[in-house]
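Below is one structure, written out as structure tokens; the observations come after it.
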Amino acid sequence: MTSFSNNIFSVDTGYTREKFAAVHLVIENDKVLIIDTGTVFSVKNIQNALERLGLSFLRVEWIILTHIHLDHAGGAGQLMKNCPNATLGVHKKGKRHLVDPTRLWTSVLSVYGEAKAKKLYGELIAIEESRIEVLNEGVEINFHGRVFEIWDTPGHAKHHILIRDTKTKAMFSGDTFGVSYREFDTEQGCFCFISSTPTQFEPFDLSKSIRRILAASPPEIYLTHYSKVGHIQKIGQELLLQVDEYVQIANESKEYGAQTLKVIQEKMLALLMNKAIDHGYTGSKKRITELIWLDVTLNSAGLANWLNASS
Ligand SMILES: [Zn+2]
């Protein structure tokens with residue numbers, strides 16, 4: 001667990017590797033608001049973090065999902081079971097998949113097969129509809145006097161919201177403001193890149209969401225992958241450039257027929273590799289590849305999917 005100012009904490013979900021995916025906690029008046037849950041295997045880490053803070057699951061009042069991709073929401077059902085006083089907040093397009101996770105699970109099975117799906121995500125537990133609150137654009141959650149504002153932020157996924165802390169002006173952006181692994185921190189700051197995972201990547205919407213974030217000038221943003229980043233204007237300009245670069249990669253690759261996905265992957269790896277090196281990362285190319293390979297494959301699949309859908 002990492003402690004930030006203003007009673008904000010991050011907990012490592014343990015998903016994939018260390019410092020890959022975070023859960024964030026905000027504490028007010030000894031009550032807890034949780035943003036994203038990790039998977040069912042992350043619930044123990046959240047419990048440990050609460051105990052270290054002298055709290056328990058009984059103090060959890062809100063569990064808010066930035067979106068329903070399983071590295072963010074896979075543990076929501078189990079966590080809601082463990083937190084009897086909590087309300088689950090989610091985008092209107094995500095709600096029905098939490099009430100009945102069958103479709104979500106079927107799509108995971110189609111990507112990973114049963115053995116790997118179970119290893120990655122365990123199982124998905126349904127949440128009672130009466131415990132779910134749809135969080136639309138403009139909703140304000142008054143959490144013991146600290147108001148959190150909900151923004152609808154499509155682009156990474158259609159079911160994506162952002163949570164803005166009006167007390168600190170900080171934001172919890174899920175995957176809308178890219179991903180940034182702490183291994184790439186250099187004297188130039190954080191290295192961030194766009195997440196275009198399947199199947200709802202929409203570059204135009206994503207740029208719009210990023211511009212909206214920049215216009216509000218948050219002092220810092222808490223990403224799910226991985227936690228707090230500063231220098232928001234600089235990162236944001238780079239992310240806007242990258243959206244265009246991703247689109248260019250997709251367009252340049254579409255002539256390759258059956259090889260399209262492979263070509264996108266090669267170009268995506270080269271683009272992000274060069275950016276990491278320009279950013280001053282001094283580790284080996286092999287290490288860079290290890291750290292970003294999962295993103296490269298998912299982002300490439302998302303771009304290929306977008307090409308198909310938009311052609
Ligand atoms: Zn996602």
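The values are calculated or read from the model by the stated rules, or taken from the named source; none is laboratory data. Just so you know, these numbers come straight off a predicted model, no measurement behind them. All Cβ positions, even for glycine, are placed from backbone atoms using ideal geometry, and neighbour counts span all protein chains on display.
The strands (runs of 3 or more DSSP E) located wholly in region 14-100 include none with 3 or more residues which are at pLDDT below 95. One residue stands out among those in region 17-75 that are of a type in the set (S, T, N, Q) and closer than 29 Å to PHE184 by Cβ: the one that is farthest from the ligand (Cβ to nearest atom), which is ASN48. When the test is whether a residue is out of contact with any Pro (no Cβ under 8 Å at 6 or more places or on another chain) and either of a type in the set (A, V, I, L, M, F, W, C) or more than 20 Å from ALA126 (Cα to Cα) (or both), ASP36 does not pass it. A single entry from LEU298, LEU269 fulfils the requirement of being part of a helix (DSSP H, G or I), assigned by TED's automatic domain parsing to the domain that holds SER180 and at pLDDT 95 or above: LEU269. Within region 122-135, none of the residues are assigned by TED's automatic domain parsing to the domain that holds LEU239, of a type in the set (Val, Ile, Thr) and more than 16 Å from the ligand (Cβ to nearest atom). Figure legend. Inter-residue proximity from region 56-73: first residues without any contact (Cβ under 8 Å) to a residue 24 or more places away in the chain, second residues away from the ligand (no atom under 16 Å from the Cβ), beta-carbon distance below 6 Å, spacing 6+ or different chains. Indicated pairs: SER56/LEU50.
Take the conditions more than 23 Å from HIS156 (Cβ to Cβ) and not polar (S, T, N, Q) and apply them to ILE27. Does it pass? Yes; evaluated as a whole, the condition is true for this residue. Where strands (runs of 3 or more DSSP E) fall wholly inside region 135-228, the ranges with 3 or more residues that are modelled with pLDDT of 95 or more and closer than 22 Å to LYS275 by Cα are 221-223.
Please determine, by comparing only the residues of region 104-145 that are of a type in the set (A, V, I, L, M) and in contact with a strand residue (DSSP E or B) (Cβ under 9 Å, 6 or more places away or on another chain), which one is surrounded by the most Cβ atoms within 10 Å (Cβ to Cβ). Per the stated criteria, the residue is LEU135. Look through ILE288, ILE249, ILE264, ILE292 and report the one residue that is touching a helix residue (DSSP H, G or I) at 6+ places or on another chain (Cβ under 7 Å) and either within 16 Å of the ligand (Cβ to nearest atom) or among the hydroxyl-bearing types (Ser, Thr, Tyr) (or both). Sole residue among the options that is touching a helix residue (DSSP H, G or I) at 6+ places or on another chain (Cβ under 7 Å) and either within 16 Å of the ligand (Cβ to nearest atom) or among the hydroxyl-bearing types (Ser, Thr, Tyr) (or both): ILE292. Only one of the numbered conditions (1) in contact with a Phe, Trp or Tyr (Cβ under 9 Å, 6 or more places away or on another chain); (2) more than 27 Å from LEU291 (Cβ to Cβ) is violated by PHE41, and that is (2).
Going by the structure shown, is LYS93 away from the ligand (no atom under 16 Å from the Cβ) and not aromatic (Phe, Trp, Tyr)?
Here the answer is no, as LYS93 does not meet what is asked.
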